[in-house]
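J.: Below is one structure. I have some questions about it.
The values are calculated or read from the model by the stated rules, or taken from the named source; none is laboratory data. Everything numeric in this text was worked out from a predicted model, so none of it was measured. Note that we place each Cβ from the backbone using ideal geometry, even for glycine, and neighbour counts take in every protein chain shown. Ligands, DNA and RNA are stripped out before the accessible areas are found, and what is left, the full protein with its side chains, is counted by its heavy atoms. Shrake-Rupley method; radii C 1.70, N 1.55, O 1.52, S 1.80 Å.
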Amino acid sequence: MSTQGHNLDQLIDRSETPKSSAKKRLSVWLLPFAILLGFALLFGVLFRDQLLPAVKVEVVPAIGIEEKVEGRPTAGRTARESGTLLFQASGWVEPDPLPIKATALTDGVIDEVKVLEGELVKKGQVLASLINIDSRLERDAMAAELADVKASFDAHCTGTQIAMQKMEIERASLAIAEANAEEAADKLRRYERLGADVIPENERVTVRYNHQRALAEIDAAKGRIAEIAEQMNQIAYEIVAIRARIEGAEVKLAQAELALSRTEVTSPIDGRVLLLNSVPGQKKMIGMDDEDSATVAILYDPQQLQVRVDVPLADAAGLGVGQRAKIRSNLLPNEVFDGVVSRITGSADLQRNTLQAKVRILNPNDKLRPEMLSRVEFFEFAPAENTAESSSSEAMDIAIYVPKLAVSDGSVWVCDPESLRAERRSVSTSATRENLIRVDEGLRPGEWVVIEKTEALEPGQRLNPVFNH
């Protein structure tokens, strides 16, 4: 009975083994296949637009031309009515005229950062400090050297006073010696006038020796005076040299104190921290190729802001320095800021077909921050007075023209510059000039209009635009 059961188990095991091994082989092949399939799907999703075929078409930007429009009253103004909205453009808030960098003026390692991004700071406030142990030791060494040189100067000054006192003493001694010599000379003269019978010869010899001794004392006093004078001259020259050493030591001490003071990076203005470019332990190097290798923070004045605006070339004809503008921001939707065009860049952006302008915000709000998206409305200049055009009944307007080939059955095909997709627009046209036709509605200046192969296009189709020159 047990033998039959054992044989039955063996038969069952033999029958299940091929199936289980087949399942294992299938699972081994299924996992790599699933991974490859996942990558293929991801690649298709990410690069779908690049994989789809694109129709190569020739495009031209819609041209904006300033023209006179009949029948519009001007009420005694110039070609346009002052205060009229000309066009709008998007822009970004930025410091006016430029952001200001707080830079470390000496090489070192950041020890402590004392401000954070967005924080208001005062001029002279410490933003960050560098490790300054070596600078302090250098300053102390220079201070000790200066103190040593000054002590030498004081000692030489004292030596000068002592020499002057010795000089006075020797001059007094010289006067005494001269008086003694005069007395000895007078006594010698009197003794020599008397006969030998009156004055013994030994006394005459003694008086003669006394006179010579007095003369020698005069010479000795003069020699000592000359020696002291030479010592005083030497001390005077040494004082001049010591003064030069003092000036050199003072310069070295000033340099050491300057180097120590530069270990504290201070704010150059009253403003706000736009960007903090330092953390404790970070190296700051002046002589590096990286322009921000020594920058600790970038600051700006919240009361000096402007908007960097990219104006389409079709609207740039109405742009000028001093032009009045209104600025709106999504941050403060109910607030409108007054502005004025302060600068226009020297070159246009060929790829974006725009011209950049700077619009100064006259009444900035403290909540505004650089790189906030804004919308700028540009208005007419103030009217000129006493011009012949002021009485005209014609006004200026921006007319949009496209090639006649682009218009078919009252519509045009437009290529979106971002997605490069085709879009069909219904337009209303009017006048023509040369090979162009005026579009009154349905197009904006600068949009890319397709001028060939329009009959084969479909809405949403990918395009490969080529500009017509």
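J.: Can you find a residue in the range 72-84 that is modelled with pLDDT under 85 and assigned to a strand (DSSP E or B)?
T.: For the range 72-84, residues modelled with pLDDT under 85 and assigned to a strand (DSSP E or B): absent.
J.: Hey, does the range 219-232 have a residue that's farther than 29 Å from A175 by Cβ and free of Cβ contacts under 8 Å to residues at least 60 places away in the same chain?
T.: So far as the range 219-232 goes, no, none of its residues is farther than 29 Å from A175 by Cβ and free of Cβ contacts under 8 Å to residues at least 60 places away in the same chain.
J.: Keeping to the range 426-440, report how many residues are acidic (D, E) and either under 50 Å from the mean Cα position of the chain (by Cα) or surrounded by 16 or more Cβ atoms within 10 Å (Cβ to Cβ) (or both). Full working, then the answer.
T.: Of the residues in the range 426-440, the ones acidic (D, E) are 434, 440.
Okay, now just the ones that are also either under 50 Å from the mean Cα position of the chain (by Cα) or surrounded by 16 or more Cβ atoms within 10 Å (Cβ to Cβ) (or both), so 440.
Of the residues in that region, 1 qualify.
J.: Additional query: Taking into account only those residues within the range 288-323 that are at pLDDT below 85 and under 22 Å from the mean Cα position of the chain (by Cα), which is surrounded by the fewest Cβ atoms within 10 Å (Cβ to Cβ)?
T.: The selected residue is D289.
J.: From the residues in the range 191-239 that are open to solvent by 40 Å² or more (accessible area, probe 1.4 Å), in a helix (DSSP H, G or I) and of a type in the set (V, I, T), which one is nearest to Q165 (Cα to Cα)?
T.: Among those that are open to solvent by 40 Å² or more (accessible area, probe 1.4 Å), in a helix (DSSP H, G or I) and of a type in the set (V, I, T), it is T206.
J.: Consider L463 carefully, then state whether it is in contact with an Asp or Glu (Cβ under 8 Å, 6 or more places away or on another chain), over 19 Å from A314 (Cα atoms), aliphatic (A, V, I, L, M) and modelled with pLDDT under 85. Break it down into steps so the answer makes sense when it comes.
T.: On the way: in contact with an Asp or Glu (Cβ under 8 Å, 6 or more places away or on another chain): no; over 19 Å from A314 (Cα atoms): yes; aliphatic (A, V, I, L, M): yes; modelled with pLDDT under 85: yes.
It is false that L463 is in contact with an Asp or Glu (Cβ under 8 Å, 6 or more places away or on another chain), over 19 Å from A314 (Cα atoms), aliphatic (A, V, I, L, M) and modelled with pLDDT under 85.
J.: Could you give me the residue pairs with C-beta distances under 6 Å whose first residue belongs to the range 275-288 and is farther than 25 Å from P302 by Cβ and assigned to a loop (DSSP other than H, G, I, E, B), whose second residue is at pLDDT 85 or above and open to solvent by less than 60 Å² (accessible area, probe 1.4 Å) wherever it lies, and which are 6+ apart or on separate chains?
T.: P280/I110; Q282/I110; M285/S293; I286/A294
J.: Right, next: A155 fails exactly one of the following numbered conditions: (1) over 21 Å from A241 (Cβ atoms); (2) open to solvent by less than 80 Å² (accessible area, probe 1.4 Å). What is the number of that condition?
T.: (1) is the only condition that A155 fails.
J.: When you scan the range 365-425 for strands (runs of 3 or more DSSP E) that lie fully inside it, which ones turn up with 3 or more residues that are modelled with pLDDT of 80 or more, open to solvent by less than 80 Å² (accessible area, probe 1.4 Å) and closer than 30 Å to L299 by Cα?
T.: Where strands (runs of 3 or more DSSP E) fall fully within the range 365-425 and carry at least 3 residues being modelled with pLDDT of 80 or more, open to solvent by less than 80 Å² (accessible area, probe 1.4 Å) and closer than 30 Å to L299 by Cα, they are 373-379.
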